[in-house]
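Please read the structure below before turning to the comments.
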Amino acid sequence: LLTMQFILTCLAFAAIGRVSALPGSTTAPSSAALPTATSIVPGLNFLAHTAGKLYFGTATDNTQPEFDDTTYIRILENWWHFGQLTPANAMKWMYTEPEPGVFTFDLGDQIADLAHEYGMFLRGHNGVWHEELPDWVTSTEWNATGLAEAVHRHVSGIVGHYAGQVYAWDVVNGRPGNHIRTAEPLNDDGTMREDVFYDTLGESYIEIALKAAHAADPHAKLYINDYNIENVGNKSTAMQNLVKRLRSDGVPIHGIGMESHFIVGEVPTTLVENFLAYQELGLEFAITELDIRMELPATRESYEQQKQDYHTVVDACLQVLACVGVTVWDFTDKYSWVPGTFNGEGDACPWDSDYQRKPAFDGIAVAFEHGNIGA
């Protein structure tokens with residue numbers, strides 16, 4: 001899907017030659033300063049398009065002060081950098097159905113309108129997740145019939161409201177928490193995770209949600225979004241088996257979201273092998289919540305390693321046709337969720353808290369241009 005903007009820019013840059021992402025070492029104004037990016041590119045989404053992907057995108061959170069920050073909005077609205085938006089919180093259950101059957105979409109609509117205005121893909125996030133639920137969901141003593149009806153009503157309501165506007169929905173979702181209580185359909189050992197939905201409905205809540213979403217918007221891609229499934233291992237194998245069961249039962253599922261909340265220097269080495277396994281299932285997938293955190297304070301060495309790590313992840317997506325795009329979990333350290341969740345860690349995003357592009361930006365750019373980064 002190419003916009004007229006994109007076509008005109010391609011012609012302009014074709015006239016002056018290939019854009020350079022300058023894979024060499026970054027420089028800083030003093031030896032004490034952290035390095036910054038050196039890439040000379042029109043934008044990361046532009047590069048994603050030229051590399052054959054649908055988008056490079058970002059999450060954004062208008063339940064926080066982000067939308068009152070004019071510098072943040074100026075960068076967010078730039079299609080050359082971001083061709084896709086994910087509402088980090090605005091479409092979650094507590095914000096969209098605070099009372100049974102009472103829906104509110106003002107926050108979600110704000111992001112949907114922004115995506116439409118700037119020609120960006122919109123990702124629906126999310127349908128069923130055991131956190132950020134209103135009290136009436138968590139405090140009710142559910143029986144199977146009642147909770148099944150609640151899940152069906154909620155998913156039908158939010159997906160139906162945005163029908164025709166959303167490229168893909170994270171119908172069943174999660175993210176890493178504090179390593180004690182996490183929020184995905186699967187445990188790391190591949191067993192089903194216990195929560196209000198699984199405890200009452202078993203695995204059927206996933207089928208209920210996916211079928212309701214498909215009925216509400218038959219054209220949207222329906223995803224299960226999870227973490228620690230990016231590499232070869234028990235959890236990824238269990239997710240693939242879950243997909244096989246769902247598809248054999250005629251349940252609509254089109255894609256898998258690889259959340260990709262990584263740690264500097266610890267990016268899995270089996271990304272491509274694992275991604276190919278999902279492609280062989282006939283699914284598309286996306287990197288949906290990418291950030292790569294580090295211990296603070298940051299050092300020049302940790303920034304350079306982060307640059308390599310971002311390159312590794314984006315390059316893995318490029319090597320597998322079924323990977324449709326990459327989304328970072330917000331683009332600036334100023335609004336990253338990491339410091340509030342992982343004590344002593346942060347600086348996970350491609351832009352720093354002052355909106356300076358970090359070497360991580362270079363890693364992404366070089367990967368999209370099929371370049372290499374030296375050790």
Scanning the stretch 289-308 for residues that are open to solvent by 10 Å² or more (accessible area, probe 1.4 Å) and under 20 Å from the mean Cα position of the chain (by Cα), which turns out nearest to Cys349 (Cα to Cα)?
Arg293
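Results for (1) buried (at least 23 other Cβ atoms within 10 Å of the Cβ); (2) in a loop (DSSP other than H, G, I, E, B); (3) modelled with pLDDT of 95 or more, shown as yes or no for each residue.
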| site | (1), (2), (3) |
| --- | --- |
| Tyr72 | no, no, yes |
| Met91 | yes, yes, yes |
| Gly108 | yes, no, yes |
| Ile111 | yes, no, yes |
So, in the stretch 328-356, of the ones that are more than 21 Å from Glu259 (Cα to Cα) and not acidic (Asp, Glu), which residue ends up surrounded by the fewest Cβ atoms within 10 Å (Cβ to Cβ)?
Gly344
Could you look through the stretch 267-283, keep only residues that are more than 19 Å from Lys53 (Cβ to Cβ) and not in a loop (DSSP other than H, G, I, E, B), and pick out the one that is least open to solvent (accessible area, probe 1.4 Å)?
Ala277
Among (1) within 17 Å of Leu34 (Cβ to Cβ); (2) open to solvent by 10 Å² or more (accessible area, probe 1.4 Å), Pro359 falls short only on (2)
Subset of the stretch 218-237, residues assigned to a loop (DSSP other than H, G, I, E, B) and open to solvent by 10 Å² or more (accessible area, probe 1.4 Å), comes to Pro218, His219, Tyr227, Asn228, Asn231, Val232, Gly233
Could you list, in sequence order, all residues of the stretch 148-174 that are assigned to a loop (DSSP other than H, G, I, E, B) and either open to solvent by 10 Å² or more (accessible area, probe 1.4 Å) or at pLDDT 95 or above (or both)?
Tyr162, Ala163, Gly164, Gln165, Val166, Tyr167
For the stretch 45-104, give me the residue count where each residue is among the β-branched types (Val, Ile, Thr) and under 16 Å from the mean Cα position of the chain (by Cα).
3
Does Ala286 fit the bill of being in contact (Cβ under 8 Å) with a residue 60 or more places away in the chain and surrounded by 24 or more Cβ atoms within 10 Å (Cβ to Cβ)?
yes
Test of understanding: among Thr104, Thr38, Thr63, which residue is assigned to a loop (DSSP other than H, G, I, E, B), open to solvent by 20 Å² or more (accessible area, probe 1.4 Å), free of Cβ contacts under 8 Å to residues at least 40 places away in the same chain and farther than 26 Å from Ala322 by Cβ?
Thr104
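Could you check the stretch 124-147 and list, in sequence order, the residues that are in a helix (DSSP H, G or I) and either of a type outside the set (Phe, Trp, Tyr) or open to solvent by 50 Å² or more (accessible area, probe 1.4 Å) (or both)?
Those that are in a helix (DSSP H, G or I) and either of a type outside the set (Phe, Trp, Tyr) or open to solvent by 50 Å² or more (accessible area, probe 1.4 Å) (or both): Asp135, Val137, Thr138, Ser139, Ala144, Thr145, Gly146, Leu147.
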Please specify each residue of the stretch 239-265 satisfying the condition of being hydrophobic (A, V, I, L, M, F, W, C) and outside any strand (DSSP E or B).
Met239, Leu242, Val243, Leu246, Val251, Ile253, Val264
Please work out which one of (1) in a helix (DSSP H, G or I); (2) out of contact with any Phe, Trp or Tyr (no Cβ under 9 Å at 6 or more places or on another chain) is the condition Cys317 fails and give its number.
(2)
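The values are calculated or read from the model by the stated rules, or taken from the named source; none is laboratory data. This one's a predicted model, so the numbers in the text were calculated from it and none came from an experiment. Backbone-built Cβ (ideal geometry, glycine too); neighbour counts: all protein chains shown. Please note that ligands, DNA and RNA were not included when accessible areas were found on the heavy atoms of the full protein model with its side chains. Shrake-Rupley method; radii C 1.70, N 1.55, O 1.52, S 1.80 Å.
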